[in-house]
Every structure is written in C-alpha cells, then in structure tokens.
Amino acid sequence: MYMNGYRCFACTTVQPVDFAGFLCPVCGGNLDITYDYTSATKEIAGGFGDGRRQLFRYQALLPVRKFATPFPLRVGGTPLYQASRLGKQAGLRSLYLKDETCNPSASFKDRASAVVIRRAIDNGAGIVSAASTGNAGSSLACLTAAHGLRSVIFVPETAPPAKLTQSLAYGARVLAVRGNYDDAFDLCLAASEEFGWFNRSTGFNPFTREGKKTCAFEIWEDLAGRIPDRVVVPSGDGNMLSGIWKGWTDLKAAGLIRHLPKIDCAQSTASDAICRTVRRLRDSDKAEMNWSQVSVDEVRASTLADSISVNRPRDGLAAVQAIFQSGGEAVAVTDEEILKAIPEMAGSTGVFPEPAAAAPWAAVKQMVKDEIIRPGELVVCIVSGSGLKDAARAGEAIGAPQVIDPSLAAVRDALCLEIQP
Ligand SMILES: *Cc1c(COP(=O)(O)O)cnc(C)c1O
Ligand SMILES: [Zn+2]
C-alpha cells in the first residue's frame, strides 16, 4: 500500500498514515489521502496492466492492502459508450457516457462502498453505517451483504421507494428519518460515534473519494490516451466530483498523463449550493484563493433529483477546489430540464438514467447554448445511477402507455396503421 498520510483540504495540515480519525483534528475539515507516488509509479509504470475489469486492479493507487481473496462482486469496470446520436442533438461530435448503472447496486456509489468496506474489514468493524439520499445506502447494503457484514442506513423518509426496498432486500437495517438528508447525516454521525460503527457517510469518510476516483482511471484507459476536454459530474455533496478530479490528478502525479480535463459540476437550480459558491468566489476576483477562509454556501434543497438534493454539501470545499483547479464550470439546470433529459438520453443511447444522472446531459446542452462547450470538444457525462431506481419520477415526465383492447383492430387504430386488404 502506497498511501502515506492525510492532508486537510482547508488548512493543509497533514496527518500520518496511522491517524485514526476521519476529519482534520486542527480545523474539522475533510481529509485528502496522500500517496508515495514515486513508489506507486514504479509498480504501475506504463499502465495498470491487465486483469479482470474491476476497481481493485488499481490497488497501487488505493488506500487498501492487497487482499488474498477477490472482492465478491464486480465493482467498476463499467462501459464507456460513444453517444453520437445524443451528442448530435446538441451539435457535439464526441460525446461519451460513462455508464455507472452497470455497478452491482446500479449506481456509482459502489466504487466508494467497495473501498470503505475493505478499510472496515481491516479495522475489524462488524457494522458499517451510512447516511444516504438512497444510493449510498443501497450500495452499502449490497456490498456488506456480499461480505456477510451488517449495515445500518439512515435515509430521509422521502427517499424513492425502490432504493429503500433494494436496501431492505439486501438485509440492511434501514432507518427512515423524519427529516431531510442533512438530518439523516447528522444522526448517522452521532449514532456511529455512540455505538462504534464504521461510518461510510460521504464527505466525512475520506476513503469514499478514493473509490470514486477509479472512474477517471477507467475513462482514461478506455479513451486509449486521449484526455477528455470535460468530464461532467452530477453533484450534491460534491464527493463524486472531487473523486473524479482526484483520479485525473493521480494519473498525472504517477506520470501517466501530462494534462488534465476540466471537471464541470451539474446541479439542479433547486439544489445549487456548489454552483452558488463557485459564482460567488469567481465574482470576488481574488488572484489567489485562501481555501482555509472559504465557506461553502448552504441552500434549502427541493429538487426532485433526490440523489443531488443536499442543503449543505459535505464535500463542498474539495469540489469547489476541483472546479477551480481544473478550470471547469458549475452549471445549474431546472428540474424540468433534468426530467426532459431522461427520455432524450434513454431514447438516443439505450442508457436509462435516474434524474440526478440526467443532469449532466441537461448541463451539457446548456453549456453548448452558452458557447462554453465548442462542438469539437470531447465530453464525458457520468451516468451515475439507473432510471429504475426512481422510475416513478421519470414517469411523470414520460407519461403512461396507451391502453388498448386485445385486438388487431385496436393496434391498427392506436398506431394509425392503414387497414390491410
Ligand atoms: C450520490 C449521487 C450523486 C451525487 O454525488 P455527490 O458525491 O453527492 O455529489 C449523483 N448521482 C447519483 C445517482 C448519486 O447516487
Ligand atoms: Zn484542517
């Protein structure tokens, strides 16, 4: 293992590799995992090598030791699809979708859960907990089930039923909190401290980002040396975004790539804390940002894209840094545009996104319209979760099937087919 410590995103204080906490003991900020890149680079010189497509083939750049037993489910190794017909609708020539719905629990969150579970096992933890809008919980429930570990999930009462049923089916204890995601988050933190559980909660747990970064490694490998101009990431807490940026900066630190893509943040106008923060900081026109002085905005989120409905982004500072350092944009689109993007994506590519996972395509169209994206740019959208996780929401925009009598005449009538002689 080449992990060699932690560094605070806010005050930059470092901690040794055997530090036992999850947050900076100086300022309470989130921690970034650091590596001995010189040694890691020797191991992966020229690339990560062959091996079954799953995220632990990147072990040299993960905060986990080599395990004797393979991971029981295939996490990562998801497809990157060229979406030419979808791209053309916005005048784009090189649009790609990274299809994270192919993970075991049908969302991107499995990348984080997998790494956290390996850390939990090494810590001797028997119970892993998480606060979740729905996907982090169902992901943790899925992967703990595969290991015979127990999980306790805190979700807002209003989480989509499919995500809750999924978590329960995997055998998790699911506590639906009367309140929003932020209430669930705080309660999970307090309960985990009280009862000694290993807490997976996003932003708080520094290991989630490390699992998430493997998505960037795969995109790089699949593009065979080309670097995207932009990777567009749906953001609530901002941990997916900070993770994907970490992946690209890791590749650079390991000498595998020379330049970096821009990372764009896609949010709903009804949950836009990161967008507001980026706008405020860019307006302030400071030449040099002092990150320990930067606060992230808080909003009252009401978006129907439940996976990105967050009042206070728990990895907001790291996400804002990633947007600034990469030169990316932070774009908020309306819930109406998000819902419209679902059948556009599904109908042009065969990939069916949940609302949050449709936000990047809605944001791409907005950025093309605003001439931020040029037609020749290579753009990758992260399709972070499956449409089946909240089909009811999509149904509101897509409508219901036509009901007919069981007769050929009714088929002709419904489809306006000409009567055959
Ligand atoms: C969690 C999640 C997001 C947002 O990730 P953050 O780290 O909270 O920004 C986006 N889409 C889906 C499907 C998710 O489950
Ligand atoms: Zn700090």
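The values are calculated or read from the model by the stated rules, or taken from the named source; none is laboratory data. Worth saying up front: this structure is predicted, and the values here are computed from it rather than measured. Glycine gets a Cβ as well: all are built from the backbone with ideal geometry, and neighbour counts include every protein chain shown.
So, residue 46, is that one within 16 Å of ligand 2 (Cβ to nearest atom) and surrounded by fewer than 17 Cβ atoms within 10 Å (Cβ to Cβ) or not?
Working: within 16 Å of ligand 2 (Cβ to nearest atom): no; surrounded by fewer than 17 Cβ atoms within 10 Å (Cβ to Cβ): yes.
So residue 46 does not fit the description; no.
Here are some residues: 197, 220. Which one is of a type in the set (Phe, Trp, Tyr) and within 23 Å of residue 141 (Cβ to Cβ)? Before you say what the answer is, go through the steps one by one.
Numbers: 220 fails: within 23 Å of residue 141 (Cβ to Cβ).
None of the other options fit; the residue is 197.
Would you please name the residue that is surrounded by the most Cβ atoms within 10 Å (Cβ to Cβ), looking only at residues in the range 75-128 that are under 26 Å from residue 377 (Cα atoms) and among the β-branched types (Val, Ile, Thr)?
78
Could you please find all residues in the range 260-272 being in a loop (DSSP other than H, G, I, E, B) and closer than 13 Å to residue 325 by Cβ?
So the first thing to find is which residues in the range 260-272 are in a loop (DSSP other than H, G, I, E, B), and the list is 260-261, 269-270, 272.
Scanning the range 260-272 gives 260, 261.
Hey, does the range 334-349 have a residue that's within 14 Å of ligand 1 (Cβ to nearest atom), among the hydroxyl-bearing types (Ser, Thr, Tyr) and within 30 Å of residue 186 (Cα to Cα)?
Pass one, the range 334-349, residues within 14 Å of ligand 1 (Cβ to nearest atom): 338, 341-342, 345.
If we keep only those that are among the hydroxyl-bearing types (Ser, Thr, Tyr) too, we end up with none.
Among the residues of the range 334-349, not one is within 14 Å of ligand 1 (Cβ to nearest atom), among the hydroxyl-bearing types (Ser, Thr, Tyr) and within 30 Å of residue 186 (Cα to Cα), which makes the answer no.
Determine whether the range 203-221 contains at least one residue that is more than 16 Å from ligand 2 (Cβ to nearest atom), closer than 17 Å to residue 306 by Cβ and either touching a strand residue (DSSP E or B) at 6+ places or on another chain (Cβ under 7 Å) or without any contact (Cβ under 8 Å) to a residue 60 or more places away in the chain (or both).
Looking for residues that are more than 16 Å from ligand 2 (Cβ to nearest atom), closer than 17 Å to residue 306 by Cβ and either touching a strand residue (DSSP E or B) at 6+ places or on another chain (Cβ under 7 Å) or without any contact (Cβ under 8 Å) to a residue 60 or more places away in the chain (or both), one finds none in the range 203-221, hence no.
Kindly indicate which of 264, 237 is farther than 20 Å from residue 50 by Cβ, in contact with a Ser or Thr (Cβ under 6 Å, 6 or more places away or on another chain) and of a type in the set (D, E, K, R). Explain how you work it out, then say what you get.
Details: 264 fails: in contact with a Ser or Thr (Cβ under 6 Å, 6 or more places away or on another chain).
After ruling out the rest, the residue left standing is 237.
How many residues does the range 157-188 contain that are closer than 21 Å to residue 314 by Cα, of a type outside the set (A, V, I, L, M), over 19 Å from the mean Cα position of the chain (by Cα) and surrounded by 17 or more Cβ atoms within 10 Å (Cβ to Cβ)?
2
Somewhere in the range 68-87, is a residue of a type outside the set (D, E, K, R), over 22 Å from the mean Cα position of the chain (by Cα) and within 16 Å of ligand 2 (Cβ to nearest atom)? Working first, answer last.
Just the residues of the range 68-87 that are of a type outside the set (D, E, K, R), to begin with: 68-73, 75-84, 86-87.
Those left that are additionally over 22 Å from the mean Cα position of the chain (by Cα): 68-70, 84.
Going one step further and asking which of them are within 16 Å of ligand 2 (Cβ to nearest atom), we end up with none.
The answer is no, given that none of the residues of the range 68-87 is of a type outside the set (D, E, K, R), over 22 Å from the mean Cα position of the chain (by Cα) and within 16 Å of ligand 2 (Cβ to nearest atom).
When you go through 310, 296 one by one, which is the residue that is in a loop (DSSP other than H, G, I, E, B), more than 17 Å from the chain's Cα centre (by Cα) and either within 27 Å of residue 249 (Cβ to Cβ) or touching a residue at least 24 places away in the same chain (Cβ under 8 Å) (or both)?
Every option except 296 fails the conditions.
Hey, among 124, 134, which residue is touching a residue at least 40 places away in the same chain (Cβ under 8 Å) and of a type outside the set (A, V, I, L, M, F, W, C)?
Working: 124 fails: touching a residue at least 40 places away in the same chain (Cβ under 8 Å).
Among 124, 134, only 134 is touching a residue at least 40 places away in the same chain (Cβ under 8 Å) and of a type outside the set (A, V, I, L, M, F, W, C).
Suppose we keep only residues that are away from ligand 2 (no atom under 16 Å from the Cβ) and of a type in the set (D, E, K, R) within the range 13-42. Which one would you say is farthest from residue 318 (Cα to Cα)?
Here the residue is 42.
Name the helices (runs of 4 or more DSSP H) wholly within the range 199-254 that hold at least 1 residues that are more than 15 Å from residue 58 (Cα to Cα)?
Details: elements: 207-212, 214-222, 239-253.
Per the criteria, 239-253.
For the range 326-421, which fully contained helices (runs of 4 or more DSSP H) count at least 1 residues that are of a type in the set (Val, Ile, Thr) and either in contact with a strand residue (DSSP E or B) (Cβ under 6 Å, 6 or more places away or on another chain) or in contact (Cβ under 8 Å) with a residue 40 or more places away in the chain (or both)?
In the range 326-421, 335-349, 355-369, 391-398 are the helices (runs of 4 or more DSSP H) which contain 1 or more residues that are of a type in the set (Val, Ile, Thr) and either in contact with a strand residue (DSSP E or B) (Cβ under 6 Å, 6 or more places away or on another chain) or in contact (Cβ under 8 Å) with a residue 40 or more places away in the chain (or both).
Tell me which residues, restricted to the range 222-255, are of a type in the set (D, E, K, R) and out of contact with any strand residue (DSSP E or B) (no Cβ under 7 Å at 6 or more places or on another chain). I'd like the intermediate steps shown before the answer.
So the first thing to find is which residues in the range 222-255 are of a type in the set (D, E, K, R), and the list is 222, 226, 229-230, 237, 246, 250, 252.
237, 246, 250, 252, listed by residue number.
Quick one: which of 8, 27 is away from ligand 1 (no atom under 16 Å from the Cβ), under 25 Å from the mean Cα position of the chain (by Cα), at pLDDT 95 or above and hydrophobic (A, V, I, L, M, F, W, C)? Talk me through it step by step, then tell me what you get.
Numbers: 27 fails: under 25 Å from the mean Cα position of the chain (by Cα).
None of the other options fit; the residue is 8.
Determine whether the range 284-293 contains at least one residue that is away from ligand 2 (no atom under 16 Å from the Cβ) and in contact (Cβ under 8 Å) with a residue 12 or more places away in the chain. Steps first, please.
Residues of the range 284-293 that are away from ligand 2 (no atom under 16 Å from the Cβ), as a first pass: 284-288.
Next, only the ones that are in contact (Cβ under 8 Å) with a residue 12 or more places away in the chain stay: none.
Within the range 284-293, not a single residue is away from ligand 2 (no atom under 16 Å from the Cβ) and in contact (Cβ under 8 Å) with a residue 12 or more places away in the chain.
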